[in-house]
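> If you scroll down you'll find the structure; I have some questions about it.
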Amino acid sequence: MRHLPTRTARRRVVGALIAGVLGLAGLSAPALASPSAYPAAPAPDDGLALTPPMGFNNWNSTHCRAEFNEAMVKGIADLFVEKGLKDAGYEYVNLDDCWALPQRDPDGKLVPDPVRFPNGIKAVADYVHSKGLKFGIYTSAGTKTCNSAGFPGALGHEYSDARQFADWGVDYLKYDNCNNQGVDAKLRYTTMRDALRATGRPIVYSLCEWGQNKPWEWASDVGQLWRTTGDISDNWGSMLSILKKNLPLAPYAGPGNWNDPDMLEVGNGGMTDTEYRTHFSMWSIMAAPLLIGSDLRSASDETFDILSNREVIAVDQDPLGEQGTVLSSDGGRWVVAKEMKDGSRAVALFNETGSAQRISTTAAAVGLPDSDAYTLRDLWQHKSYNTAGRISATVPAHGTVLFRVRADDRWAAHPPAVELDLGGGSFVEAGRPAALTTAVTDLGRTSAKRVSVTLTGPAGWTVRPTSPTTVGTLPSGRSLRTSWKVTAPEGTAHGPYDLTLRATYRSPTGARAESVVPLRFSVVGAPPSGTSYLSDLPWLSTANGWGPVERDTSNGESAAGDGSPLTVNGTVYEKGLGVHAQSAVEYYAGKACETVTAQVGVDDEEGADGSVAFEIRADGTTVATAGPLTNAQAAQGVSADVSGAQVISLVVTDGGDGTTSDHGDWGDARLSC
C-alpha cells in the first residue's frame, strides 16, 4: 500500500505508463484533447481570485457517501446565507468527486448521477447562483478520477468537459491528479487552462497536483491556486505536517496566485476546538484558500464561531495578498508575521508542543516602524490593548494567539497588555503537591492598576497561593510573581486536565480589563524503575502524519489497529511503535531516566518509496539522530542519554523529500530508568 499521504482510498494512482498502455485506453500520447474545434480565447481580464477563494467542498465530511447529493449542496447554500457566512466572505459551493456516472454518454459527455442529482448539475448551479453565491465542480487530469469506483477523468476530453462545465454555470474547477497515465503535469494542467479560457466563462482554476512537481514554480500563469501538499486528514499530526510544508512557500503567493494547503477540517471532530482555531488562524495568516470541509447542517455553535470570525478572515482576505513568513520556530514555538495593506501586521504565536509555552517577539521584529506604543488587537478575544513594543503571550498546547498590531496615535485609549506566564512544570503526580510560579507582566506603555491573579483547577483539586496574588500598581515592564501549590486528589486518573490562569486589572482611566490563559496539566505516574518497552508505557501526547501512532505494529492505514508486524528490511520486531512522518510521541520521564534505545527504519509495508529521519529529544533538545533512512536500508541502532529530562520525545521527520510512504518504525524501543 502506498499513500502520498492522502485520502488513501482515492490515491491508487496508476502512475507513468508506456505509450502502448495509453493506446489500449483509446488515447494517444500525450493523450490531450485538440483545441482545433474551439476558438482561441485569451485569458479573461476578470481579476479572478485576487484574494484567496472562500467557500465549501463536501469531500472531507462526506467522501462518496450517499449524503453527498443535491439536497446537501442546496442546504449548504442556504446555510451560507442564513448563518452569515456569505456576508463573512464565503462564496463558492463546490462539488468534489462522485457526482457523475462511471461512464460517459455516447457523445462523450459527462453524465450527472441521477440518484444524487436528479435535476442535473445545471439546476444545482442555478440554485446556488440564486443565493448570490458561486458554484464549483471537480474532475481529474487523468483517465479516471481519484475514487476507486473510477469516474471519468478529463484527460483527452479537456475542451469538451470545459465546455460542459461552462454551460452548466460552473465558476470554479478543482482539477485532481489521479490516473494521469504518466503525461507531463505541466502539459495536462496547461491544456485544461486553455480549454477553460476557450469557453469564455471566468472559472477559477484550482490545480490539485499535490505539490509533486512544485507547481508554485510554474503555475502562476496556469491557475489561480495550486495544492502544495497531499490531502489533509482530520487530525493534529496531518494538519501540522501540511502546515510546515506550506509555510516556506510564502514568496510564491500573491493576488490571483495562492498556495493551497488543502481544505479546512474545522468541525469534523478529529481535533479539539483549540486545534481547530490554530488550523483556521494559520491558514488565514498563510493567505490560504478557506474551503469549509464540514457538513454545516450538523455543525456546532463553536464551529460556526471559528469559521465566521471576521477579524481572522480579514487577515486571510487582505488585498495586499502577502502570505505570512516565519520569523522563528525554536522548540516548536512559532512566530509568523504578515504585512497588511493598511501597514499593520498580523502576528501568529503558534505553539506546536503538548504544553503551554511562552512565545514572544517585538514590533520591530515584525517590521513595524518606531513608535512610542502600539495598538495590539487580539483577534480571537476581540479586545484591544497598548504595548510598548513586546508582542508576547503564553500559548496553550497546540494553540495559536493571533494579533493584529499597528503603530497609531490612539494606543492610549486601550488598557495595557499584560502577559500571563507559567513557570515550573505542568505535571502533577496524584496526591503529591506540585510547585509552580506564575507571572503577570505589564507589556504596555501605561501602568496596570489593582492587579489580581487567580489560578483555578478541576473540581476536587487543591490550588493554593503561597505568595501575594495582588498588587496596587504594576508599572510598564514589571511583573507580579506568585507561587502556588497544586495537588490532584489521590486516585486521579492519568491524563490531561485543564486549569485556568486569570488576571484582572484596571487601566489608568479606571476601565476594567482581563486576561485569561487556559493551562493544560498532565497527571502522571513516576516512570517504572529498570528497563521498559516504550510501547508498554503511557504517553503524554502523540502527533502523527497519517492515522494514529500504533503500539507493536506498523502505522498501516488511517484507522487505529490496522497495521502489520513491525518489519524493517525483512527483520521483524515484536515490540515498538509504528508512526508516519511527521510524528512525535512524548513520554514523562520525571528526571528519573537515563537512556532510550531503539532499532529504527522504514517499514517494509510501503515498498520502495519511504524516506525518514529519526530524533530523540530531551526536554525539547535533540540528543540523538538517525537517518535519513530508506526502505532499502536495514534498521539502524540509536541510543540517547536522557538523564535529568522531564519529557522525552521520539520524533520522525520526512527525510527532506516529502512524506510519501514515510512509515517509520521504532523497533525494540526501550527506556531505562
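> Can you find, among Gly293, Trp484, Gly254, the residue farthest towards the positive end of the dipole of the chain? Put +1 on the C-beta of Lys and Arg, -1 on that of Asp and Glu.
Trp484
> Let me check against my output: what whole-number percent is the relative contact order of region 324-414, with C-alpha pairs under 8 Å and at least 6 apart? Don't skip to the end; give the middle numbers.
Working: 219 pairs, mean separation 27.8, N = 91.
Value for region 324-414: 31 percent.
> Still on this structure, I have one more. Please name which of Ala598, Leu540, Val572 has its Cα lying farthest along the dipole of region 531-672 towards the positive end, using unit charges on Cβ (Lys, Arg +1; Asp, Glu -1) and the Cα centre as origin.
Leu540
> Oh, and also: Remind me, relative contact order of region 498-651 in percent, using alpha carbon pairs under 8 angstrom and six or more residues apart?
Details: 350 pairs, mean separation 30.2, N = 154.
Once divided by the residue count of region 498-651, the mean separation gives 20 percent.
> If you don't mind, there's one more thing I want to ask. If you take the beta carbon distance between Ser308 and Ser130 as r and set R0 to 30 Å, what does 1/(1 + (r/R0)^6) give as a FRET efficiency, to the nearest 0.05? Don't skip to the end; give the middle numbers.
Details: r = 22 Å, r/R0 = 0.74.
E(calc), rounded to 0.05, equals 0.85.
> Now a separate question. For Arg502 and Ser643, FRET efficiency with R0 = 41 Å and r from the beta-carbon atoms, rounded to 0.05? Before the final figure, lay out the partial values.
On the way: r = 37 Å, r/R0 = 0.90.
The formula returns an efficiency of 0.65 here.
> Another one. Students often forget the sequence filter, so: which aspartates and glutamates lie under 17 Å Cα-Cα from Lys109 once same-chain residues fewer than 8 apart are removed?
Asp97, Glu158, Asp161, Asp167
> Distance from a point 7 Å along Cα→Cβ of Asp536 to each backbone N in region 567-608: keep the residues under 18 Å and list them by number.
Under 18 Å, as judged by backbone N against the label point of Asp536, lie 573-578, 587-589, 593-599 of region 567-608.
> Can I ask one more? Let me know the charge dipole size of the chain about its Cα centre in debye, to the nearest 20, where only the beta-carbon of Lys, Arg (+1) and Asp, Glu (-1) is charged.
Working: 58 positive and 76 negative charges, 365 e Å.
Taking the Cα centre of the chain as origin, the dipole is about 1760 debye.
> Filter the cross-link list Lys86/Lys341; Lys244/Lys338; Lys122/Lys214; Lys122/Lys245; Lys245/Lys383 down to pairs whose alpha-carbon distance in this structure exceeds 27 Å. Provide the component values of the computation, followed by the final result.
Details: Lys86/Lys341 23 Å; Lys244/Lys338 16 Å; Lys122/Lys214 34 Å; Lys122/Lys245 37 Å; Lys245/Lys383 32 Å.
The answer is Lys122/Lys214; Lys122/Lys245; Lys245/Lys383.
> From the P(r) of region 274-410, could you give the percentage of C-alpha pairs in the tail past 19 Å? Walk me through the numbers before you get to the answer.
Working: 4521 of 9316 pairs.
More than 19 Å apart: 49 percent of the Cα pairs in region 274-410.
> Here is a further query. What length, rounded to one decimal in nm, is gained on full extension from Ser220 through to Lys485, with 0.36 nm per residue of separation minus their alpha-carbon distance?
On the way: separation 265, 0.36 × 265 = 95.40 nm, distance 5.75 nm.
Between Ser220 and Lys485, full extension yields 89.7 nm more.
> Pop a pseudo-label 7 angstrom from the Cα along the beta-carbon direction at both His494 and Thr456 and give the gap in nm to one decimal.
Each label point lies 7 Å from its Cα, and together they span 3.0 nm.
> Let me ask something else about it. How much length, in nm to one decimal, is gained on full extension between Ala526 and Lys591, taken as 0.36 nm per residue of separation minus their Cα-Cα distance? Don't skip to the answer; put the middle values down first.
Numbers: separation 65, 0.36 × 65 = 23.40 nm, distance 0.95 nm.
Here the segment from Ala526 to Lys591 would lengthen by 22.5 nm.
> From the Cα trace of region 531-672, what convex hull volume per residue do you get, rounded to a whole Å³? Could the numbers behind the result be given before it?
Values: hull volume 12.1 nm³, N = 142.
Given the Cα convex hull of region 531-672, per-residue volume reads 85 Å³.
> Quick one: angle between helix 70-82 and the longest Cα principal axis of the chain, in degrees between 0 and 90, rounded to 10, please.
50
> Next question, about the same structure. Treating the beta-carbon of each Lys and Arg as +1 and of each Asp and Glu as -1, no other charges, what is the dipole magnitude of region 426-482 about its Cα centre, to the nearest 20 debye? Please report the intermediate quantities before stating the final value.
Numbers: 7 positive and 2 negative charges, 45 e Å.
It comes to approximately 220 debye.
> May I have the extent of the alpha carbons of region 359-425 along their three principal axes, as whole Å values ordered from largest to smallest?
On the principal axes, region 359-425 reaches 39, 23, 18 Å in Cα extent.
> Under unit Cβ charges (Lys, Arg +1; Asp, Glu -1), what dipole magnitude, rounded to 20 debye, does region 282-433 have relative to its Cα centre? Don't skip to the answer; put the middle values down first.
Details: 14 positive and 20 negative charges, 23 e Å.
So the dipole magnitude of region 282-433 works out to roughly 120 debye.
> Given the options Thr143, Asn268, Gln582, identify the residue whose Cα lies farthest towards the positive end of the charge dipole of the chain (+1 on Cβ of Lys, Arg; -1 on Cβ of Asp, Glu).
Positive-most Cα among the choices belongs to Asn268.
> Taking the Cα-to-Cβ direction at Asp619 and at Asp78 and moving 7 Å from each Cα, how far apart do the two end points lie in nm?
Reported label-point gap for Asp619 and Asp78 is 5.8 nm.
> Taking a cut-off of 16 Å between Cα atoms, list the lysines near Lys174, but don't count ones fewer than 8 places away on the same chain.
Straight-line reach from Lys174, under 16 Å: Lys134, Lys144, Lys186.
> Leu320 to Ala634: extension gain in nm, 0.36 nm per residue of separation minus the Cα-Cα distance? Could the numbers behind the result be given before it?
Details: separation 314, 0.36 × 314 = 113.04 nm, distance 5.04 nm.
Full extension of this stretch gives 108.0 nm more.
> Pull up the cross-link candidates among the aspartates and glutamates for Lys591, meaning alpha carbon to alpha carbon under 16 Å and not fewer than 8 places away within one chain.
Glu429, Asp619, Asp641
> Also, quick follow-up: Rounded, prolate or oblate: which fits the chain, taking a ≥ b ≥ c as square roots of the Cα gyration tensor eigenvalues, rounded meaning a/c under 1.5, else prolate when a/b beats b/c? Present the calculation step by step, with values, prior to reporting the outcome.
On the way: a/c = 2.21, a/b = 1.35, b/c = 1.64.
Oblate, because a/c is 1.5 or more while a/b does not exceed b/c.
We did not get these values from a lab; they are worked out from the coordinates using the rules stated. Given the structure is predicted, the values throughout are model-derived calculations rather than measurements. A quick note on method: Cβ atoms are made from the backbone with ideal geometry, for glycine too, and the neighbour counts reach across all protein chains shown.
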